[in-house]
1. Taking the options 208, 260, 255, name whichever one is β-branched (Val, Ile, Thr) and either at pLDDT below 95 or assigned by TED's automatic domain parsing to the domain that holds residue 105 (or both).
2. Can you tell me which residue within the range 92-139, out of those that are in a loop (DSSP other than H, G, I, E, B) and either charged (D, E, K, R) or without any contact (Cβ under 8 Å) to a residue 12 or more places away in the chain (or both), is surrounded by the most Cβ atoms within 10 Å (Cβ to Cβ)?
3. Which ones in the range 343-395 are assigned to a loop (DSSP other than H, G, I, E, B), closer than 27 Å to residue 324 by Cβ and either of a type in the set (Lys, Arg) or at pLDDT 95 or above (or both)?
4. Confirm whether residue 308 is buried (at least 17 other Cβ atoms within 10 Å of the Cβ) and over 30 Å from residue 68 (Cβ atoms).
5. Residues in the range 320-337: is at least one in contact with a Leu (Cβ under 7 Å, 6 or more places away or on another chain) and closer than 18 Å to residue 276 by Cβ?
6. Take the residues in the range 337-358 that are free of Cβ contacts under 8 Å to residues at least 40 places away in the same chain and buried (at least 19 other Cβ atoms within 10 Å of the Cβ); name whichever of them is nearest to the chain's Cα centre (by Cα).
7. Of everything in the range 193-228 that's out of contact with any Gly (no Cβ under 8 Å at 6 or more places or on another chain) and assigned to a loop (DSSP other than H, G, I, E, B), which residue is surrounded by the most Cβ atoms within 10 Å (Cβ to Cβ)?
Amino acid sequence: MGLLRMIPTVLFVMIVSALTAAAAEPVRIAHVAGVTGPYEAYTRQSITGFRMGLEYATKGGNRVLGRPIKVMVKDTRLKPDMGKLLLTEAFKDDKAHLAVGGVSSAVALAMLPVAREFKKILIVEPAVADSITGKAFNRYIFRTGRNSSQDAVTNALAVARPGVSIATLAQDYSYGRDGVAAYREAALAGGARIVHEEYVPPKTTDFTAPAQRIIRAMKGLTGDKRLFIIWAGKGHPLTKLHAMRLDQKYGIRLTTGGDTLDALRLFKPMVGMEGAIYYYYGIPKNEVNDWLVEEHQKRYGLPPDFLTCGGFSAAMAVVTALRKAGSTDTERLIEAMEGMKFMTPKGEMVFRREDHQALQSMFHFRIRVDPRLPWAVCEQVRELTRQDMDIPIRNR
């Protein structure tokens with residue numbers, strides 16, 4: 001009889017122990033990014049931002065759903081095959097519940113089928129090619145980063161209007177071509193004319209020939225003439241094109257999207273140049289950005305950069321989704337994330353249900369110089385909210 005009376009107690013202890021063990025199981029997140037390679041500066045920002053975002057979202061506890069968060073950083077070395085292999089490893093061997101990453105669009109595109117194969121969520125940050133949430137999209141993909149259309153549409157909103165003639169210069173791969181396609185569409189809608197498109201290899205350093213072709217294409221045109229540049233990574237042509245004095249000689253004014261603080265050093269001679277930017281630390285006015293700017297300055301001696309905000313935003317999306325779903329189950333997460341609103345240093349974002357693209361504000365800026373800073377200041381002209389932008393759904 002004594003043994004029989006003990007059985008319920010033993011079962012209770014076993015159940016409690018099992019539940020406790022399950023509750024203590026870490027939430028495993030794979031951060032798959034190009035730690036080494038030409039975009040390593042972007043990756044460092046993204047990783048720092050993701051870590052700080054988890055800290056902010058969990059009030060320093062690094063726990064969600066009563067469980068510790070474990071982040072596994074995997075270096076793709078900017079190679080698509082490596083990205084595919086490492087994401088497979090993360091889902092299959094490391095049992096990651098979800099993943100974040102894709103600094104390069106080419107690497108991100110290689111990883112999309114892996115998320116579908118394992119039926120696990122991949123939050124793309126910061127790769128921007130439209131095709132990620134367009135023709136290559138699957139239901140396990142969410143993107144907190146902006147896409148090429150958001151970049152392009154807002155840069156077009158900054159300068160495109162009737163009477164403006166525009167030429168474009170971009171790198172000849174998915175990021176550049178997707179960006180120009182979206183820019184063209186938005187610029188034409190704004191009443192401008194696209195008179196020439198120039199594509200160059202990603203590692204081009206001599207822009208003499210492309211510039212001559214652009215000059216010939218715009219020769220004889222009257223009115224406002226602009227050259228819009230889309231560029232990622234090192235070797236931004238802005239300085240070299242500015243040195244050609246296109247404005248003074250041919251009346252062609254440069255315009256481009258904002259960039260990292262390091263790249264903004266090149267913008268200092270371009271006082272008055274306008275464009276649109278994803279994030280500049282001095283623009284957003286909200287509690288999240290206030291915390292990020294203060295803490296980043298305190299810890300690293302610099303304000304947060306372009307993609308620090310991106311990593312932070314991905315972390316905010318992860319924690320918000322897990323809390324809303326109450327689980328790491330993929331189907332419950334998808335249900336929670338479609339249409340989900342979440343705060344970021346930029347302000348509120350929302351995942352569009354149709355393509356899981358995060359709709360978000362961008363910022364129309366004008367360059368000014370503060371002699372105390374080594375980079376150009378992106379002074380806000382106006383906030384371009386998600387309501388201001390008609391961002392195409394390209395996965396249909």
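The values are calculated or read from the model by the stated rules, or taken from the named source; none is laboratory data. As the structure is a prediction and not an experimental result, all values here were calculated from the model. No Cβ is skipped: glycine too gets one built from the backbone with ideal geometry, and neighbour counts run over all protein chains shown.
1. Details: 208 fails: either at pLDDT below 95 or assigned by TED's automatic domain parsing to the domain that holds residue 105 (or both); 255 fails: either at pLDDT below 95 or assigned by TED's automatic domain parsing to the domain that holds residue 105 (or both).
Answer to the selection: 260.
2. Our first condition is that a residue be in a loop (DSSP other than H, G, I, E, B); within the range 92-139, this holds for 93-97, 102-104, 119-120, 125-129, 134-139.
Pick out the ones that are also either charged (D, E, K, R) or without any contact (Cβ under 8 Å) to a residue 12 or more places away in the chain (or both) and you get 93-95, 119-120, 125, 135, 139.
On the way: 93: 8, 94: 16, 95: 12, 119: 13, 120: 21, 125: 30, 135: 11, 139: 16.
Residue satisfying both the conditions and the ranking: 125.
3. First, pick out the residues of the range 343-395 that are assigned to a loop (DSSP other than H, G, I, E, B): 345-346, 352-356, 360-361, 369-376, 385, 389-395.
Among the residues that remain, those that are also closer than 27 Å to residue 324 by Cβ are: 345-346, 352-356, 360-361, 385, 389, 391, 393-395.
Once the filter is applied, which keeps residues that are assigned to a loop (DSSP other than H, G, I, E, B), closer than 27 Å to residue 324 by Cβ and either of a type in the set (Lys, Arg) or at pLDDT 95 or above (or both), the range 343-395 yields 345, 346, 352, 353, 354, 355, 356, 360, 361, 385, 394.
4. Details: buried (at least 17 other Cβ atoms within 10 Å of the Cβ): yes; over 30 Å from residue 68 (Cβ atoms): no.
Judged against the criteria, residue 308 is not a match.
5. no
6. Among residues in the range 337-358 that are free of Cβ contacts under 8 Å to residues at least 40 places away in the same chain and buried (at least 19 other Cβ atoms within 10 Å of the Cβ), the one nearest to the chain's Cα centre (by Cα) is 342.
7. Per the stated criteria, the residue is 207.
Residue-wise test of (1) within 24 Å of residue 365 (Cβ to Cβ); (2) under 23 Å from the mean Cα position of the chain (by Cα); (3) not small (Gly, Ala, Ser).
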residue	(1), (2), (3)
204	no, no, yes
212	no, no, yes
220	no, no, no
237	yes, yes, yes
247	yes, no, yes
254	yes, no, yes
260	yes, yes, yes
269	yes, no, yes
278	yes, yes, yes
